[in-house]
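Data first, discussion second: the structure below is written as structure tokens.
The values are calculated or read from the model by the stated rules, or taken from the named source; none is laboratory data. On a predicted model such as this, the values are computed, not experimentally measured, just so you know. Cβ sites come from the backbone with ideal geometry, for glycine too, and all protein chains shown count toward neighbours.
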């Protein structure tokens, strides 16, 4: 008798024989018992998981002499003829080779004839996504309203290539990959029936290599039986499976993963080289590493990882053990780095070197210090300082080295004082001061206040002390308005900063401190932007007023009306008159019959 491969010999003949597709078999059985059989079905899923098998079982069930039944009897003449493949009313078509318009036209003519020996004529079209658009268009009307004696069953691995108008005319069923534990159990039963001695670890390796496909698992097992031959030791071991298919052992994978997770570059290179020297498939190893990393990640995230991974408790225990060496954040960075290089690996010439370099790069990247880590550490240090009694945290602006070099090579241009600057100029000589910015919280008001320390040597302080001359009173509104105007000058050119500054209200200039405030509810974000530019604003204040120790104090208060009303000073009246005389403004007011309500800086 001619030998029949295991994938054909052990192909399920009833719904109860199917493994891992209970969500589909239950729906179809209920439809059969309720006589609610659709005219067209579409089975979707990867290779070797039972699409065509389910189509054949469904064809048997609807044509069974005992119908309606949930399971075909496999004994009547219809079931037997379908099993033997000689029922002329069950037509199986390969969509890849019968995809033209002419093929579909012949099919449309054939469907008009009634079945000969069965209740229904069933067309099973495999790889249906290979049909051309013209062929589909020729079939659409027949597919939507076929004769009462015709049923269509389609199967595809690429559902995204099937026309939406076709999918909408079918009942779609998505088949899932078969869990490894179910494949292991099925292989064990088949091996027992075939008098083949195979270890459980070997069946686990086969199930993992099959990637959820029962047909692939049975084909691999067939190959192993042939490899083992008629030797006295008829037991198929895990080592034989690993050697035959170039798969790495579980211990090797664990060692590799441990080296990756602990940043042990030396052991990683040694383990990878050992795998390559044994002739194992490097590309398969890479995808095993990705699978392990995801398994460890899922183990850290959920309480029952096997509900998602479906790999069995033994593999989950391995993932749990490896998860003790790594944090969730590092795992995510490793997966982010490695999951995007699969195509490059496929196209690379030397896969060993490529994987070695790519994984070490991912290890370095996942362990490098990130900006968020630095910020978190600074916040921790700030909290420790506050706990020890420090009332202030001094923050000084750090100028990058390249900016210092640029300042030396390209010194700032000399600015000629403007009319506003001359009016605000003070006569006292500048004093060298050192500015530090301190963040305080007093009475629910956040204040960014300066700390001033003199740089004059103590022994010369008494000799250089001179009586301070009376100073001219500086208007807070005028000074703030002058600073806003400065932001539009060519040497500064910060229009966005000007916009943020307009939301502040100047309060006072007292004791060499110029105080402004923002509304805590509406302007908190913009106040922080102005705080970031505090050093620039103080530099402008020093140049405008001539008071080198004048500092800027920025406050957040509640209930401030923002933006503040602009006082009608002499200078502001001049600006308003200038705006009203602008031709563009005049035309705009005339077109909209409007009036000038307010203007800013």
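Structural remarks
- Scanning the range 26-83 for residues that are part of a helix (DSSP H, G or I), touching a helix residue (DSSP H, G or I) at 6+ places or on another chain (Cβ under 8 Å) and over 18 Å from residue 117 (Cβ atoms) returns 28, 29, 32, 54, 57.
- If you go through the range 168-180 and pick out every residue that is buried (at least 17 other Cβ atoms within 10 Å of the Cβ) and over 30 Å from residue 201 (Cα atoms), you end up with 3.
- Residues of the range 144-187 satisfying the condition of being in contact with a strand residue (DSSP E or B) (Cβ under 8 Å, 6 or more places away or on another chain) and more than 23 Å from residue 127 (Cα to Cα): 149, 187
- Number of positions in the range 125-150 that are in contact with a helix residue (DSSP H, G or I) (Cβ under 7 Å, 6 or more places away or on another chain) and either outside the structural domain of residue 78 (by TED's automatic domain parsing) or farther than 18 Å from residue 163 by Cα (or both): 0
- Residue 34 more than 36 Å from the chain's Cα centre (by Cα), within 26 Å of residue 183 (Cβ to Cβ) and assigned by TED's automatic domain parsing to the domain that holds residue 146: no
- Every condition in (1) in a helix (DSSP H, G or I); (2) surrounded by fewer than 19 Cβ atoms within 10 Å (Cβ to Cβ); (3) in contact with a helix residue (DSSP H, G or I) (Cβ under 8 Å, 6 or more places away or on another chain) holds for residue 319 except the one numbered (2).
- Some residue of the range 62-69 being exposed (fewer than 14 other Cβ atoms within 10 Å of the Cβ) and touching a strand residue (DSSP E or B) at 6+ places or on another chain (Cβ under 9 Å): no
- Failed criterion for residue 46 (all others in (1) crowded, with 19+ Cβ neighbours inside 10 Å; (2) under 29 Å from residue 212 (Cα atoms) hold): (1)
Matching residues to (1) within 15 Å of residue 483 (Cβ to Cβ); (2) modelled with pLDDT under 85; (3) not assigned by TED's automatic domain parsing to the domain that holds residue 552:
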{"residue": "496", "(1), (2), (3)": "yes, yes, no"}
{"residue": "500", "(1), (2), (3)": "yes, yes, no"}
{"residue": "503", "(1), (2), (3)": "yes, yes, no"}
{"residue": "511", "(1), (2), (3)": "no, yes, no"}
{"residue": "520", "(1), (2), (3)": "no, yes, no"}
{"residue": "531", "(1), (2), (3)": "yes, no, no"}
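- Any hit, the range 63-82, residues being free of Cβ contacts under 8 Å to residues at least 24 places away in the same chain, within 21 Å of residue 152 (Cβ to Cβ) and not assigned by TED's automatic domain parsing to the domain that holds residue 210: yes
- The single condition among (1) farther than 14 Å from residue 504 by Cβ; (2) over 43 Å from the mean Cα position of the chain (by Cα); (3) modelled with pLDDT under 85 that residue 540 does not meet is (3).
- Within the range 91-106, the residues that satisfy the criterion of being assigned to a loop (DSSP other than H, G, I, E, B) and in contact with a strand residue (DSSP E or B) (Cβ under 9 Å, 6 or more places away or on another chain) are 95, 96, 98.
- Top-ranked residue of the range 131-153 - restricted to ones that are outside any helix (DSSP H, G or I) and over 40 Å from the mean Cα position of the chain (by Cα), ranked as surrounded by the most Cβ atoms within 10 Å (Cβ to Cβ): 151
- Residue 156 surrounded by 13 or more Cβ atoms within 10 Å (Cβ to Cβ) and over 24 Å from residue 53 (Cα atoms): no
- If you check 128, 101 for being over 24 Å from residue 63 (Cα atoms) and either crowded, with 16+ Cβ neighbours inside 10 Å or more than 40 Å from the chain's Cα centre (by Cα) (or both), only one passes: 101.
- Qualifying positions in the range 337-364 - more than 13 Å from residue 272 (Cβ to Cβ) and part of a helix (DSSP H, G or I): 337, 338, 342, 343, 344, 345, 346, 347, 361, 362, 364
- Qualifying residue in the range 205-224 (condition: under 18 Å from residue 4 (Cα atoms) and either assigned to a loop (DSSP other than H, G, I, E, B) or free of Cβ contacts under 8 Å to residues at least 12 places away in the same chain (or both)): no
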